[in-house]
Amino acid sequence: TTCFVSGVLGATHVEIEQHLEMGRKLLAAGQLAEALSHYHSAVEGDSKNYLTYYKRAAVFLAMGKSKSALPDLTRAIQLKPDFLLQRSPDQDEARNQLMRANELEELQEEAHAAHHRGDYSTTITVLDRVVELSPWDPESRELRAECYIRLGDPRKAIQDLTPTTRLRNDNRGAFLKLSTLHYDLGEHQESLGHVRECLKLDQDDKECLSRYKQVKKLSKQLDSAEEHIQEERYQDAIDKYESVMRTEPNVLYYTNKAKERICFCLVKNKMPAMAIDICSEAHQRDPRNINILRDRAEAFILNQDYEKAVEDYQEAREFDKENNEIREGLERAQKLLKLSRKRDYYKILGVNRSANKQEIIKAYRKLAQQWHPDNFREESEKKEAEKRFIDIASAKEVLTDPEMRQKFDSGEDPLDPESQQGGGQGGQGWPFHFNPFESGGNYHFKFHH
(Lines give C-alpha, C1' and ligand atoms only; values in the text may rest on other atoms or scores of the structure.)
Protein backbone atom coordinates (compact mmCIF):
# COMPACT_ATOMS: atom_id res chain seq x y z
CA THR A 1 0.00 0.00 0.00
CA THR A 2 1.27 3.47 -0.87
CA CYS A 3 1.02 6.12 1.85
CA PHE A 4 0.62 9.71 0.64
CA VAL A 5 2.60 12.57 2.15
CA SER A 6 0.81 15.61 3.54
CA GLY A 7 2.06 18.79 5.24
CA VAL A 8 5.37 20.55 5.32
CA LEU A 9 7.05 18.01 7.56
CA GLY A 10 6.01 15.10 5.39
CA ALA A 11 4.10 13.12 8.05
CA THR A 12 2.12 10.26 6.61
CA HIS A 13 -1.65 10.08 6.83
CA VAL A 14 -1.32 7.04 9.11
CA GLU A 15 1.01 8.91 11.49
CA ILE A 16 -1.38 11.87 11.70
CA GLU A 17 -4.28 9.52 12.46
CA GLN A 18 -2.16 7.88 15.15
CA HIS A 19 -1.42 11.27 16.74
CA LEU A 20 -5.14 12.18 16.67
CA GLU A 21 -6.14 8.85 18.22
CA MET A 22 -3.47 9.08 20.96
CA GLY A 23 -4.51 12.66 21.64
CA ARG A 24 -8.13 11.56 22.04
CA LYS A 25 -7.22 8.78 24.50
CA LEU A 26 -4.94 11.01 26.56
CA LEU A 27 -7.54 13.77 26.66
CA ALA A 28 -10.14 11.29 27.94
CA ALA A 29 -7.66 10.22 30.63
CA GLY A 30 -7.08 13.81 31.71
CA GLN A 31 -3.43 13.84 30.58
CA LEU A 32 -3.73 17.20 28.88
CA ALA A 33 -0.07 18.07 28.38
CA GLU A 34 0.59 14.71 26.68
CA ALA A 35 -2.59 15.03 24.56
CA LEU A 36 -1.56 18.53 23.48
CA SER A 37 1.85 17.25 22.39
CA HIS A 38 0.22 14.73 20.02
CA TYR A 39 -2.15 17.36 18.61
CA HIS A 40 0.83 19.70 18.03
CA SER A 41 2.45 16.92 16.01
CA ALA A 42 -0.78 16.38 14.05
CA VAL A 43 -1.05 20.10 13.21
CA GLU A 44 2.61 20.30 12.16
CA GLY A 45 2.22 17.11 10.08
CA ASP A 46 -0.83 18.39 8.20
CA SER A 47 -1.39 22.14 8.42
CA LYS A 48 -4.28 21.91 5.91
CA ASN A 49 -6.42 19.55 7.99
CA TYR A 50 -9.17 21.46 9.81
CA LEU A 51 -9.71 18.54 12.21
CA THR A 52 -6.21 18.78 13.71
CA TYR A 53 -6.82 22.43 14.64
CA TYR A 54 -10.26 21.69 16.02
CA LYS A 55 -8.96 18.85 18.22
CA ARG A 56 -6.07 20.94 19.51
CA ALA A 57 -8.51 23.77 20.31
CA ALA A 58 -10.52 21.30 22.44
CA VAL A 59 -7.42 20.60 24.57
CA PHE A 60 -6.61 24.30 24.90
CA LEU A 61 -10.19 24.88 26.14
CA ALA A 62 -9.92 22.02 28.63
CA MET A 63 -6.76 23.68 29.94
CA GLY A 64 -8.50 27.07 30.16
CA LYS A 65 -6.33 28.56 27.40
CA SER A 66 -9.08 30.36 25.50
CA LYS A 67 -6.60 32.74 23.86
CA SER A 68 -4.85 29.76 22.27
CA ALA A 69 -8.10 27.94 21.42
CA LEU A 70 -9.69 30.79 19.45
CA PRO A 71 -7.00 30.98 16.69
CA ASP A 72 -7.23 27.19 16.22
CA LEU A 73 -11.02 27.30 15.95
CA THR A 74 -10.79 30.24 13.53
CA ARG A 75 -8.24 28.34 11.39
CA ALA A 76 -10.50 25.25 11.36
CA ILE A 77 -13.38 27.39 10.02
CA GLN A 78 -11.10 28.98 7.39
CA LEU A 79 -10.03 25.55 6.14
CA LYS A 80 -13.63 24.29 6.12
CA PRO A 81 -16.06 27.26 5.87
CA ASP A 82 -19.16 25.04 6.00
CA PHE A 83 -17.88 23.29 9.16
CA LEU A 84 -20.27 25.14 11.49
CA LEU A 85 -23.19 25.08 9.04
CA GLN A 86 -23.52 21.32 8.80
CA ARG A 87 -25.83 19.50 11.21
CA SER A 88 -23.95 16.67 12.92
CA PRO A 89 -22.70 15.87 16.44
CA ASP A 90 -19.19 17.06 15.51
CA GLN A 91 -20.44 20.35 14.11
CA ASP A 92 -22.72 20.94 17.12
CA GLU A 93 -19.75 20.32 19.40
CA ALA A 94 -17.61 22.70 17.35
CA ARG A 95 -20.19 25.47 17.68
CA ASN A 96 -20.29 24.84 21.44
CA GLN A 97 -16.49 24.93 21.59
CA LEU A 98 -16.42 28.31 19.85
CA MET A 99 -19.03 29.73 22.22
CA ARG A 100 -17.10 28.33 25.21
CA ALA A 101 -13.87 29.83 23.95
CA ASN A 102 -15.43 33.30 23.66
CA GLU A 103 -17.13 33.01 27.06
CA LEU A 104 -13.94 31.72 28.71
CA GLU A 105 -11.88 34.60 27.37
CA GLU A 106 -14.38 37.15 28.70
CA LEU A 107 -14.65 35.43 32.10
CA GLN A 108 -10.89 35.11 32.53
CA GLU A 109 -10.42 38.81 31.80
CA GLU A 110 -13.18 39.63 34.31
CA ALA A 111 -11.60 37.37 36.97
CA HIS A 112 -8.13 38.89 36.57
CA ALA A 113 -9.58 42.42 36.74
CA ALA A 114 -11.46 41.60 39.97
CA HIS A 115 -8.35 40.00 41.44
CA HIS A 116 -6.23 43.01 40.52
CA ARG A 117 -8.53 45.35 42.46
CA GLY A 118 -8.54 43.00 45.47
CA ASP A 119 -12.16 41.86 45.11
CA TYR A 120 -11.50 38.22 45.97
CA SER A 121 -15.14 37.20 46.48
CA THR A 122 -16.07 38.36 42.98
CA THR A 123 -12.96 36.68 41.57
CA ILE A 124 -14.05 33.37 43.11
CA THR A 125 -17.60 33.73 41.75
CA VAL A 126 -16.30 34.33 38.21
CA LEU A 127 -13.73 31.54 38.47
CA ASP A 128 -16.46 29.10 39.57
CA ARG A 129 -17.90 29.42 36.07
CA VAL A 130 -14.44 29.24 34.47
CA VAL A 131 -13.67 25.96 36.25
CA GLU A 132 -17.10 24.63 35.30
CA LEU A 133 -16.33 25.32 31.63
CA SER A 134 -12.70 24.22 31.90
CA PRO A 135 -12.26 21.77 34.81
CA TRP A 136 -8.68 20.87 33.81
CA ASP A 137 -7.39 24.43 33.86
CA PRO A 138 -4.70 24.60 36.59
CA GLU A 139 -4.23 28.39 36.39
CA SER A 140 -7.86 29.15 37.27
CA ARG A 141 -7.80 26.73 40.19
CA GLU A 142 -4.52 28.20 41.46
CA LEU A 143 -5.91 31.73 41.25
CA ARG A 144 -9.10 30.68 43.05
CA ALA A 145 -7.02 28.95 45.73
CA GLU A 146 -5.07 32.17 46.28
CA CYS A 147 -8.36 34.03 46.76
CA TYR A 148 -9.57 31.46 49.29
CA ILE A 149 -6.31 31.89 51.22
CA ARG A 150 -6.77 35.68 51.21
CA LEU A 151 -10.30 35.22 52.55
CA GLY A 152 -9.12 32.84 55.31
CA ASP A 153 -10.53 29.60 53.91
CA PRO A 154 -7.53 27.24 53.64
CA ARG A 155 -9.69 24.12 53.29
CA LYS A 156 -11.15 25.28 49.99
CA ALA A 157 -7.71 26.39 48.84
CA ILE A 158 -6.48 22.82 49.47
CA GLN A 159 -9.41 21.44 47.43
CA ASP A 160 -8.41 23.62 44.48
CA LEU A 161 -4.66 23.08 44.68
CA THR A 162 -4.75 19.29 45.04
CA PRO A 163 -5.80 18.52 41.42
CA THR A 164 -3.32 21.06 40.01
CA THR A 165 -0.46 18.81 41.16
CA ARG A 166 -1.64 16.35 38.47
CA LEU A 167 -2.52 18.96 35.86
CA ARG A 168 1.09 20.15 35.52
CA ASN A 169 4.12 17.94 34.89
CA ASP A 170 6.24 19.75 37.49
CA ASN A 171 4.08 21.58 40.00
CA ARG A 172 6.48 21.93 42.91
CA GLY A 173 4.88 25.26 43.78
CA ALA A 174 1.50 23.58 44.40
CA PHE A 175 3.05 20.81 46.51
CA LEU A 176 4.89 23.43 48.60
CA LYS A 177 1.71 25.49 49.10
CA LEU A 178 -0.26 22.38 50.05
CA SER A 179 2.44 21.43 52.55
CA THR A 180 2.31 24.91 54.10
CA LEU A 181 -1.51 24.97 54.28
CA HIS A 182 -1.71 21.56 55.96
CA TYR A 183 1.13 22.53 58.32
CA ASP A 184 -0.65 25.69 59.45
CA LEU A 185 -3.81 23.65 60.09
CA GLY A 186 -1.84 21.31 62.35
CA GLU A 187 -1.91 18.42 59.85
CA HIS A 188 1.81 17.70 60.00
CA GLN A 189 1.64 14.23 58.42
CA GLU A 190 -0.20 15.54 55.34
CA SER A 191 2.25 18.44 55.19
CA LEU A 192 5.16 16.00 55.22
CA GLY A 193 3.60 13.94 52.44
CA HIS A 194 3.24 16.92 50.08
CA VAL A 195 6.73 18.28 50.66
CA ARG A 196 8.12 14.79 49.96
CA GLU A 197 6.31 14.83 46.59
CA CYS A 198 7.99 18.17 45.87
CA LEU A 199 11.42 16.66 46.59
CA LYS A 200 10.67 13.70 44.32
CA LEU A 201 10.46 16.20 41.46
CA ASP A 202 13.70 17.92 42.49
CA GLN A 203 15.63 16.72 45.53
CA ASP A 204 17.73 19.90 45.52
CA ASP A 205 14.81 22.36 45.57
CA LYS A 206 15.88 24.77 48.34
CA GLU A 207 12.41 25.85 49.45
CA CYS A 208 11.07 22.29 49.60
CA LEU A 209 14.20 21.04 51.36
CA SER A 210 13.96 23.77 54.01
CA ARG A 211 10.24 23.05 54.53
CA TYR A 212 10.93 19.30 54.73
CA LYS A 213 13.52 19.71 57.52
CA GLN A 214 11.17 21.89 59.60
CA VAL A 215 8.11 19.66 59.17
CA LYS A 216 10.12 16.48 59.76
CA LYS A 217 11.58 17.82 63.02
CA LEU A 218 8.23 19.00 64.37
CA SER A 219 6.43 15.84 63.24
CA LYS A 220 8.99 13.67 65.03
CA GLN A 221 8.57 15.67 68.27
CA LEU A 222 4.76 15.46 68.14
CA ASP A 223 4.75 11.72 67.46
CA SER A 224 7.29 11.13 70.22
CA ALA A 225 5.22 13.14 72.73
CA GLU A 226 2.11 11.09 71.99
CA GLU A 227 4.08 7.85 72.30
CA HIS A 228 5.22 8.96 75.78
CA ILE A 229 1.58 9.59 76.74
CA GLN A 230 0.60 6.13 75.51
CA GLU A 231 3.38 4.70 77.69
CA GLU A 232 2.21 6.87 80.65
CA ARG A 233 5.55 8.70 80.69
CA TYR A 234 3.85 12.01 81.29
CA GLN A 235 6.87 14.11 82.31
CA ASP A 236 8.72 13.01 79.17
CA ALA A 237 5.65 14.00 77.14
CA ILE A 238 5.61 17.43 78.81
CA ASP A 239 9.28 17.92 77.90
CA LYS A 240 8.58 16.99 74.26
CA TYR A 241 5.62 19.36 73.99
CA GLU A 242 7.78 22.16 75.39
CA SER A 243 10.25 21.35 72.59
CA VAL A 244 7.38 21.59 70.08
CA MET A 245 6.66 25.16 71.21
CA ARG A 246 10.33 26.07 70.77
CA THR A 247 10.52 24.44 67.34
CA GLU A 248 7.38 26.20 66.03
CA PRO A 249 6.54 29.34 68.02
CA ASN A 250 4.79 31.12 65.13
CA VAL A 251 1.93 28.76 64.22
CA LEU A 252 -0.84 29.12 66.80
CA TYR A 253 -2.13 25.56 66.40
CA TYR A 254 1.02 23.92 67.75
CA THR A 255 1.28 26.15 70.84
CA ASN A 256 -2.39 25.53 71.59
CA LYS A 257 -2.00 21.79 71.11
CA ALA A 258 1.10 21.69 73.32
CA LYS A 259 -0.66 23.61 76.13
CA GLU A 260 -3.67 21.28 75.88
CA ARG A 261 -1.57 18.12 76.14
CA ILE A 262 0.67 19.48 78.93
CA CYS A 263 -2.52 20.26 80.86
CA PHE A 264 -3.59 16.62 80.38
CA CYS A 265 -0.19 15.26 81.48
CA LEU A 266 -0.09 17.40 84.63
CA VAL A 267 -3.49 16.03 85.66
CA LYS A 268 -2.24 12.49 85.05
CA ASN A 269 0.83 13.28 87.17
CA LYS A 270 -1.47 14.44 90.03
CA MET A 271 -0.15 18.02 89.98
CA PRO A 272 -3.45 19.94 90.29
CA ALA A 273 -2.15 23.46 91.02
CA MET A 274 0.15 23.53 87.96
CA ALA A 275 -2.49 21.76 85.87
CA ILE A 276 -5.12 24.39 86.71
CA ASP A 277 -2.75 27.20 85.64
CA ILE A 278 -1.78 25.57 82.33
CA CYS A 279 -5.32 24.35 81.61
CA SER A 280 -6.69 27.86 82.25
CA GLU A 281 -4.19 29.34 79.80
CA ALA A 282 -5.08 26.66 77.25
CA HIS A 283 -8.79 27.36 77.80
CA GLN A 284 -8.27 31.07 77.09
CA ARG A 285 -6.55 30.15 73.82
CA ASP A 286 -9.22 27.64 72.79
CA PRO A 287 -12.44 28.29 74.76
CA ARG A 288 -14.58 25.64 73.03
CA ASN A 289 -12.12 22.76 73.46
CA ILE A 290 -13.93 20.13 75.55
CA ASN A 291 -10.72 18.18 76.25
CA ILE A 292 -9.22 21.19 78.04
CA LEU A 293 -12.42 21.73 80.04
CA ARG A 294 -12.49 18.04 80.97
CA ASP A 295 -8.85 18.06 82.11
CA ARG A 296 -9.24 21.26 84.12
CA ALA A 297 -12.34 19.78 85.75
CA GLU A 298 -10.26 16.75 86.78
CA ALA A 299 -7.57 19.08 88.14
CA PHE A 300 -10.24 20.88 90.20
CA ILE A 301 -11.40 17.50 91.54
CA LEU A 302 -7.83 16.67 92.56
CA ASN A 303 -7.77 20.07 94.26
CA GLN A 304 -11.10 19.25 95.97
CA ASP A 305 -12.79 22.23 94.30
CA TYR A 306 -15.86 20.33 93.17
CA GLU A 307 -18.02 23.35 92.34
CA LYS A 308 -15.55 24.54 89.69
CA ALA A 309 -15.21 20.97 88.40
CA VAL A 310 -18.98 20.83 87.91
CA GLU A 311 -18.92 24.22 86.14
CA ASP A 312 -16.23 23.04 83.67
CA TYR A 313 -18.01 19.80 82.92
CA GLN A 314 -21.29 21.67 82.42
CA GLU A 315 -19.59 24.07 79.99
CA ALA A 316 -18.06 21.15 78.09
CA ARG A 317 -21.49 19.49 77.95
CA GLU A 318 -22.94 22.60 76.32
CA PHE A 319 -20.45 22.20 73.47
CA ASP A 320 -20.99 18.44 73.06
CA LYS A 321 -24.18 17.01 74.50
CA GLU A 322 -23.58 13.55 72.98
CA ASN A 323 -20.17 12.93 74.58
CA ASN A 324 -20.49 10.08 77.09
CA GLU A 325 -17.15 10.80 78.78
CA ILE A 326 -18.22 14.38 79.52
CA ARG A 327 -21.65 13.23 80.74
CA GLU A 328 -20.10 10.64 83.09
CA GLY A 329 -17.52 13.18 84.31
CA LEU A 330 -20.26 15.69 85.10
CA GLU A 331 -22.28 13.09 87.01
CA ARG A 332 -19.19 12.11 89.02
CA ALA A 333 -18.30 15.74 89.79
CA GLN A 334 -21.88 16.42 90.92
CA LYS A 335 -21.77 13.37 93.21
CA LEU A 336 -18.46 14.50 94.68
CA LEU A 337 -19.86 17.98 95.26
CA LYS A 338 -22.89 16.56 97.02
CA LEU A 339 -20.65 14.24 99.03
CA SER A 340 -18.30 17.06 100.04
CA ARG A 341 -21.24 18.88 101.56
CA LYS A 342 -21.75 15.85 103.83
CA ARG A 343 -18.26 14.67 104.65
CA ASP A 344 -15.08 14.55 102.62
CA TYR A 345 -12.68 11.92 103.94
CA TYR A 346 -9.70 13.61 102.33
CA LYS A 347 -10.52 16.89 104.02
CA ILE A 348 -11.17 15.12 107.35
CA LEU A 349 -7.60 13.74 107.32
CA GLY A 350 -6.17 16.87 105.66
CA VAL A 351 -4.58 14.95 102.77
CA ASN A 352 -4.62 15.41 98.99
CA ARG A 353 -6.66 13.12 96.78
CA SER A 354 -3.37 11.77 95.43
CA ALA A 355 -2.07 10.79 98.92
CA ASN A 356 -0.70 7.27 99.26
CA LYS A 357 -1.57 4.77 102.01
CA GLN A 358 1.42 5.68 104.20
CA GLU A 359 0.53 9.38 104.11
CA ILE A 360 -3.08 8.56 105.00
CA ILE A 361 -2.11 6.39 107.99
CA LYS A 362 0.33 9.02 109.23
CA ALA A 363 -2.35 11.73 109.08
CA TYR A 364 -4.87 9.43 110.77
CA ARG A 365 -2.56 8.65 113.73
CA LYS A 366 -1.79 12.30 114.30
CA LEU A 367 -5.46 13.36 114.26
CA ALA A 368 -6.68 10.34 116.27
CA GLN A 369 -4.25 11.23 119.06
CA GLN A 370 -5.28 14.87 118.89
CA TRP A 371 -9.04 14.14 119.02
CA HIS A 372 -9.10 11.12 121.33
CA PRO A 373 -12.00 11.73 123.76
CA ASP A 374 -9.76 10.91 126.78
CA ASN A 375 -8.02 14.20 126.07
CA PHE A 376 -11.15 16.21 126.97
CA ARG A 377 -12.92 16.72 130.32
CA GLU A 378 -15.88 18.98 129.55
CA GLU A 379 -18.96 17.05 128.40
CA SER A 380 -19.57 19.30 125.37
CA GLU A 381 -15.91 19.01 124.31
CA LYS A 382 -15.97 15.25 124.81
CA LYS A 383 -19.07 14.90 122.57
CA GLU A 384 -17.42 17.02 119.83
CA ALA A 385 -14.26 14.92 120.15
CA GLU A 386 -16.29 11.70 119.85
CA LYS A 387 -17.84 12.96 116.61
CA ARG A 388 -14.49 14.03 115.18
CA PHE A 389 -12.86 10.77 116.28
CA ILE A 390 -15.53 8.73 114.48
CA ASP A 391 -15.05 10.77 111.30
CA ILE A 392 -11.27 10.32 111.50
CA ALA A 393 -11.60 6.56 111.92
CA SER A 394 -14.14 6.36 109.08
CA ALA A 395 -11.86 8.34 106.78
CA LYS A 396 -8.95 6.05 107.55
CA GLU A 397 -11.00 2.91 106.86
CA VAL A 398 -12.31 4.17 103.50
CA LEU A 399 -9.08 5.63 102.20
CA THR A 400 -6.87 2.68 103.11
CA ASP A 401 -9.20 0.16 101.46
CA PRO A 402 -8.65 0.29 97.65
CA GLU A 403 -12.19 -0.79 96.77
CA MET A 404 -13.86 1.61 99.19
CA ARG A 405 -11.56 4.46 98.14
CA GLN A 406 -12.39 3.88 94.47
CA LYS A 407 -16.10 4.08 95.29
CA PHE A 408 -15.56 7.33 97.18
CA ASP A 409 -13.47 8.79 94.32
CA SER A 410 -16.37 7.96 91.99
CA GLY A 411 -18.72 10.08 94.08
CA GLU A 412 -20.21 7.40 96.35
CA ASP A 413 -19.76 7.21 100.12
CA PRO A 414 -19.28 3.51 100.96
CA LEU A 415 -20.25 4.21 104.59
CA ASP A 416 -23.38 6.19 103.79
CA PRO A 417 -26.59 4.10 104.21
CA GLU A 418 -28.27 6.11 101.44
CA SER A 419 -25.42 5.39 99.03
CA GLN A 420 -25.62 1.69 99.93
CA GLN A 421 -29.39 1.57 99.22
CA GLY A 422 -30.36 0.89 102.80
CA GLY A 423 -27.24 -1.07 103.79
CA GLY A 424 -24.15 0.53 105.21
CA GLN A 425 -22.71 0.71 108.65
CA GLY A 426 -25.44 2.39 110.70
CA GLY A 427 -26.78 5.88 110.98
CA GLN A 428 -23.71 7.47 112.50
CA GLY A 429 -21.33 5.93 110.00
CA TRP A 430 -19.12 4.15 112.56
CA PRO A 431 -17.10 1.72 110.46
CA PHE A 432 -16.46 -1.09 112.95
CA HIS A 433 -20.09 -2.22 113.47
CA PHE A 434 -20.09 -0.98 117.07
CA ASN A 435 -19.88 2.34 118.82
CA PRO A 436 -17.32 2.27 121.61
CA PHE A 437 -18.83 5.40 123.11
CA GLU A 438 -22.14 3.77 124.01
CA SER A 439 -20.78 1.81 127.04
CA GLY A 440 -20.25 4.59 129.51
CA GLY A 441 -16.95 5.81 128.15
CA ASN A 442 -14.88 2.63 128.54
CA TYR A 443 -12.64 3.25 125.57
CA HIS A 444 -8.89 3.00 125.44
CA PHE A 445 -6.75 2.97 122.29
CA LYS A 446 -3.08 2.34 121.93
CA PHE A 447 -1.20 3.94 119.05
CA HIS A 448 1.93 2.43 117.60
CA HIS A 449 4.56 4.74 116.17
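The values are calculated or read from the model by the stated rules, or taken from the named source; none is laboratory data. Predicted model only: the values in this text are computed from it and were never measured. SASA here: full protein model, heavy atoms, side chains in, ligands and nucleic acids out. Shrake-Rupley method; radii C 1.70, N 1.55, O 1.52, S 1.80 Å.
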* Asked: In this model, which of LYS240/LYS335; LYS270/LYS382; LYS55/LYS177; LYS270/LYS335; LYS177/LYS220 are farther than 31 Å apart at the alpha-carbon?
  -> LYS240/LYS335; LYS270/LYS382; LYS55/LYS177
* Ellipsoid semi-axes in whole angstrom, largest first, where each is sqrt(5λ) of the Cα gyration tensor of region 309-402 -> 36, 15, 8
* Please state, as a whole number in µm²/s, the translational diffusion coefficient that the Stokes-Einstein equation yields for region 187-305 at 25 °C and 0.890 mPa s, with Rh defined as the Kirkwood radius across alpha carbon pairs. => 160 µm²/s
* To do: Can you give me the three principal axis dimensions of region 237-292 from its C-alpha atoms, in Å, biggest first?
  => 29, 25, 14
* Using the alpha-carbon atoms, what tilt in degrees (0 to 90, nearest 10) does helix 252-268 show relative to the longest principal axis of the chain? -> 30 degrees
* Asked: What is the ratio of the Cα radius of gyration of the chain to 2.2 N^0.38 Å, where N is its residue count, to two decimals?
  -> 1.71
* Rounded to the nearest 500, what is the 222 nm mean residue ellipticity of the chain from helices alone, with -39500 (n - 2.57) per DSSP H run of 4+ residues and division by all residues? => -23000 deg cm²/dmol
* Using a Gaussian network for the chain with springs between C-alpha atoms less than 10 Å apart, which of these wobbles most: LYS213, LYS383, LYS335? -> LYS383
* Could you calculate the contour length gain from LYS67 to ASN324, that is, 0.36 nm times the residue separation minus the distance between their Cα atoms, to one decimal place in nm? => 86.6 nm
* Structure fact -> Here, region 125-169 modelled as identical Cα point scatterers in vacuum has Debye log10 I(q)/I(0) at q = 0.14, 0.18, 0.21, 0.28 Å⁻¹ of -0.27, -0.45, -0.61, -1.00
* Regarding region 232-361, what is the average projected area of its C-alpha convex hull, in nm²? -> 8.6 nm²
* **For GLU105, solvent-accessible area (1.4 Å; no DNA, RNA or ligand), Å²** => 50 Å²
* Asked: How far is helix 206-230 tilted off the main Cα axis of the chain, in degrees rounded to 10, range 0 to 90?
  -> 30 degrees
